[in-house]
């Protein structure tokens, strides 16, 4: 494992391209433990996954499935990136297990949740102004993800578009482009961390393998004012054991903040 720190150079690259690929952020031992844990989670029924008709490919609130997933929340180096981009009072808004079987694409091209800084048609952001980052998403690869298995894919710089991709953005292969920049895949060995501004146009690539499963744990972090996504939301109560095990940093990253604006 190599702890890669959020240097000014990496942060500048993130602001320019809208994503980063960081190899070896998890050790082989951590990958093995997490892989066993995610397989165990998918062997367990999930009422929430059933509610969204995603029981075969999605598990929410992975910190409820084992302490190994709690350890990801404040993992060395990883939480540092979240705090460097979003501020020291940021928090994790979800922790999700993703399982992509052969023939599946996890999603089509999209921005996450909503366009947060919309721009009128024909208007581009002044290059001197960085696109505000309110939420970053993170994929931890728990297996070797090559092109056949379907890596996370991006359109570099598209976080500055101020809109979602449209059909007229597509190239001859049916993938969007933005200001002359086309699809970039992010393959990586098990233990790789892929992180992105949630406004960057992206997708989980199609799994074209002959029998392999793509295993990923995803942890989005956001600024303090962005709500947690722990269903059933207002009525959700975090397990007391998770809270009791959390050190102060992890507890804050789980959403336990001191009083602030509005309460």
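Before moving on, here are some points about what is shown:
- Residue in the range 19-49 that is farthest from the chain's Cα centre (by Cα), counting only those that are at pLDDT below 95 and part of a helix (DSSP H, G or I): 47
- Counting only residues that are out of contact with any helix residue (DSSP H, G or I) (no Cβ under 8 Å at 6 or more places or on another chain), free of Cβ contacts under 8 Å to residues at least 24 places away in the same chain and not in a loop (DSSP other than H, G, I, E, B), the range 170-185 holds 1 of them.
- Hits in the range 231-256 (condition: assigned to a loop (DSSP other than H, G, I, E, B) and modelled with pLDDT under 95): 231, 232
- Subset of the range 189-203 (residues that are assigned to a strand (DSSP E or B) and surrounded by fewer than 22 Cβ atoms within 10 Å (Cβ to Cβ)): 203
- For residue 16, the conditions (1) touching a strand residue (DSSP E or B) at 6+ places or on another chain (Cβ under 8 Å); (2) in contact (Cβ under 8 Å) with a residue 40 or more places away in the chain; (3) in a helix (DSSP H, G or I) are fulfilled apart from (1).
- Residue 170, sole failed condition from (1) within 20 Å of residue 103 (Cβ to Cβ); (2) touching a strand residue (DSSP E or B) at 6+ places or on another chain (Cβ under 6 Å); (3) surrounded by fewer than 16 Cβ atoms within 10 Å (Cβ to Cβ): (1)
- Residue 77 being touching a strand residue (DSSP E or B) at 6+ places or on another chain (Cβ under 9 Å), surrounded by fewer than 17 Cβ atoms within 10 Å (Cβ to Cβ) and under 30 Å from residue 260 (Cα atoms): yes
- Hey, residue 242 more than 20 Å from the chain's Cα centre (by Cα) and loosely packed, with under 11 Cβ neighbours inside 10 Å or not: no
- Hey, residue 84 assigned to a helix (DSSP H, G or I), at pLDDT 95 or above and surrounded by fewer than 20 Cβ atoms within 10 Å (Cβ to Cβ) or not: yes
- Test: residue in the range 207-229 that is in a strand (DSSP E or B), more than 14 Å from the chain's Cα centre (by Cα) and surrounded by 18 or more Cβ atoms within 10 Å (Cβ to Cβ): yes
- Residue list for the range 51-63, restricted to those being surrounded by fewer than 18 Cβ atoms within 10 Å (Cβ to Cβ) and not in a loop (DSSP other than H, G, I, E, B): 51
- In the range 19-50, of all residues being buried (at least 20 other Cβ atoms within 10 Å of the Cβ) and touching a helix residue (DSSP H, G or I) at 6+ places or on another chain (Cβ under 6 Å), the one that is nearest to residue 197 (Cα to Cα) corresponds to 20.
The values are calculated or read from the model by the stated rules, or taken from the named source; none is laboratory data. Computed from a predicted model, the values in this text were never measured in an experiment. Because the Cβ atoms are built from the backbone with ideal geometry, glycine has one as well, and the counts that use them run over all protein chains shown.
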